[in-house]
1. Once the label point is placed 7 Å from Cα along Cβ, list for A:LYS168 the distances to the corresponding points in the other copies, in nm, shortest first.
2. Using only alpha carbon positions, build the gyration tensor of the stretch A:61-170, then give the equivalent ellipsoid semi-axes as the square roots of 5 times its eigenvalues, largest first, whole angstrom.
3. For the stretch A:17-164, what's the relative contact order in percent, using C-alpha pairs closer than 8 Å and at least 6 residues apart?
4. Hey, any idea what % of the stretch B:17-108's accessible area is carbon plus sulfur with a 1.4 Å probe?
5. Chains A and B: how much accessible area gets covered up at their contact, both sides added, probe 1.4 Å, in Å² to the nearest hundred?
6. Provide the per-residue ³J(HN,Hα) series for the stretch B:197-209, in order, calculated from phi with Karplus coefficients 6.51, -1.76, 1.60 and θ = phi - 60°, each as a whole number of Hz, with x at glycine and proline positions.
7. Treating only the Cβ of Lys, Arg, Asp and Glu as charged (+1, +1, -1, -1), what charge dipole size does the protein assembly as shown show about its Cα centre? Round to the nearest 20 debye.
8. List the GluC sites (Glu not before Pro) within the stretch B:248-315 that DSSP assigns to loop and that have no more than 16 neighbouring Cβ atoms inside 10 Å.
There are 2 protein chains.
Amino acid sequence: MQRLGIAAAALAGAVLSAMSPVLADDLRERANAVFKPLPSTVPAVKDNRITPEKIELGKALFFDPRLSASGVFSCNSCHNLATGGDDNLETSIGHGWQKGPRNAPTALNSVFNEAQFWDGRAEDLKAQAKGPIQAGVEMANTPQQVVTTLESMPQYVTWFKAAFPDEKEPVTFDNMAKAIEAFEATLLTPSPFDKFLNGDDLALTDVQKTGLGLFMDKGCAGCHSGINVGGMGYYPFGVQEKPGAEILPEGDKGRFTVTATADDQYVFRAAPLRNVAVTAPYFHSGKVWDLRQAVAIMSTSQLGTELTATEIDAIVEFLHGLTGDVPRIEYPVLPAETATTPRPTSEILKK
Amino acid sequence: MQRLGIAAAALAGAVLSAMSPVLADDLRERANAVFKPLPSTVPAVKDNRITPEKIELGKALFFDPRLSASGVFSCNSCHNLATGGDDNLETSIGHGWQKGPRNAPTALNSVFNEAQFWDGRAEDLKAQAKGPIQAGVEMANTPQQVVTTLESMPQYVTWFKAAFPDEKEPVTFDNMAKAIEAFEATLLTPSPFDKFLNGDDLALTDVQKTGLGLFMDKGCAGCHSGINVGGMGYYPFGVQEKPGAEILPEGDKGRFTVTATADDQYVFRAAPLRNVAVTAPYFHSGKVWDLRQAVAIMSTSQLGTELTATEIDAIVEFLHGLTGDVPRIEYPVLPAETATTPRPTSEILKK
């Protein structure tokens, strides 16, 4: 782990080692006004009652590479639950070795984002799930082909019936997406930060508490707030000072593509920061690998502030406190193909 | 599942529905002389004492896409434990969307194969594990780069120390392979066939027992015997009648590449048949998707026998009885990259 340098840690520690319970209570009170700890149960989602059967089906679908035309990629390929819920690539590799346009965000805690994708173009996770499956550079599949694939395997049909007991023909592309959303809603990762918000003074180190204070005082929390420490609201990248094209490529105009509003040029959803320390590289372009550098860029581009190295170190330490425990997931055993299962194809269709 | 047609099942069932315990005992005795049930514990492997620490490390490595140059492929990509321990592709897709030359065999129960790969060129699983990681069309990595990657993550260093406690510098390419072998040695899938061999008359249906009898009487068990119902010994594909080039491509001379012995042209290791019903497509070329067709081809090409449709159906039913229970595997949480972790590259190096 890239943590705080020893000298900086000693310095910050000296300043704060005697932080009293009273001070911690103050900080907690301020933090609880801005952030929110994760709940202890799976949250409800709109138009999709979450049941154990739906979660189990969703887990199978999430890990099933046969949702892609090639049979190579599953949801988990780019949102790998073993590596922070993302793929740790600049941008993902998809069908035909094509590169996706933006860095894959983590699936962990994503149920709490206001909307999905960097530009918020999907209202929720069930809308999001349908995107990459159909994207030519990602899974390159079609809804019809997906349904044919799932219907060809009796075990899937049984699972869909159990997950959607009131429906006559439960194996649909929409229900696939709902099941995936139900599974994703279980991917909550309680962290030391949650413990602190819930009252445990010792869950964060003194340096992390300093970092949390700075995160609020310097203005980071102006955009990165709420339960996901971000994931809510849209902001121009470079509101104070536009970063260079190597970090903010000119061709990607962000939310402008969704709203066609001039003000939305280079506007992106504030990144949710839970597990940020384990989901490098950063930004929609995936061009920055060092969290320290990412924090420095944010402070100049968004806040117009030059943070000191010690301040950056403390904020980075705080961000490490957002790394949570991934729920235990038993790797699924998927149904076997049958004679009617469409064959995988590695061909790249011309547009 | 593609199982026995109803008419054929009724026919075979009528013939055999009254199979007496005595007959079942006879069949069991004959079968136990040819095959062997899976053991109840992880088998010992040569030069690699298996410990819980080694298994846990091996599991992490098996699922870690950072063993590949691109960061896209893990061992599990082509030997997917969710889909029978293979990728259900004709041949695997690897680095740069290149296609591998042969169908990926299942990792399940592979510890019991006499040697690894279709041509047996790796003595054991620890030798095998090093192959795909370095193959340009698969994971396209180098031993040095793998070690640098693993050493860059302190958690991996700790895990290697725990797995190889007597070694001063435990993070080596060889030890990586040993840990993967240790994990793979746990991938045993007890099946209805094992239950039958162990004395449970009802574990196989009457049709499956007929199929087992035919499998031995017709000569299939001549090559497909032992604990893995195959995986032992090398045989020419087409000893009686050479299949067409669409199934046995002329360019792939099999074990000849390993031994340079003329007799070894188009010679391959007999495929291990445990879980064969869930690991289509078949043969080293991966050209046959239907297990019924695969059995028919084997009977003409290897035995010079034309099996009846009913016989093929019964044998296929028996082969379904080799589908076992995959062990419960908790999906690992892998260490996060650090500043010194080599960056993934999707570039294809020219040879």
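1. Here A:LYS168 shows inter-copy label distances of 7.6 nm.
2. On the way: eigenvalues 118, 59, 32 Å².
Semi-axes from the Cα gyration tensor: 24, 17, 13 Å.
3. On the way: 158 pairs, mean separation 29.0, N = 148.
Computed over the stretch A:17-164, the figure is 20 percent.
4. On the way: 2010 of 3600 Å².
Here it works out to 56 percent.
5. Values: alone 16430 and 16440 Å², together 29380 Å².
Buried surface at the A/B interface: approximately 3500 Å².
6. 4, 7, x, 8, 4, 8, 5, 10, 6, 4, 5, 5, 5
7. Numbers: 62 positive and 84 negative charges, 129 e Å.
For the protein assembly as shown, the charge dipole is close to 620 debye.
8. Numbers: sites: B:GLU250, B:GLU306, B:GLU311; in loops: B:GLU250, B:GLU306.
Loop-located and lightly packed - B:GLU250, B:GLU306.
The values are calculated or read from the model by the stated rules, or taken from the named source; none is laboratory data. Please read all numbers here as calculations on a predicted model, not as lab measurements. Methodologically, a virtual Cβ is constructed for each residue, glycine included, from the backbone with ideal geometry; neighbour enumeration extends over all protein chains shown. Accessible surface is based on the protein model in full, side chains and every heavy atom, while ligands, DNA and RNA are left aside. Shrake-Rupley method; radii C 1.70, N 1.55, O 1.52, S 1.80 Å.
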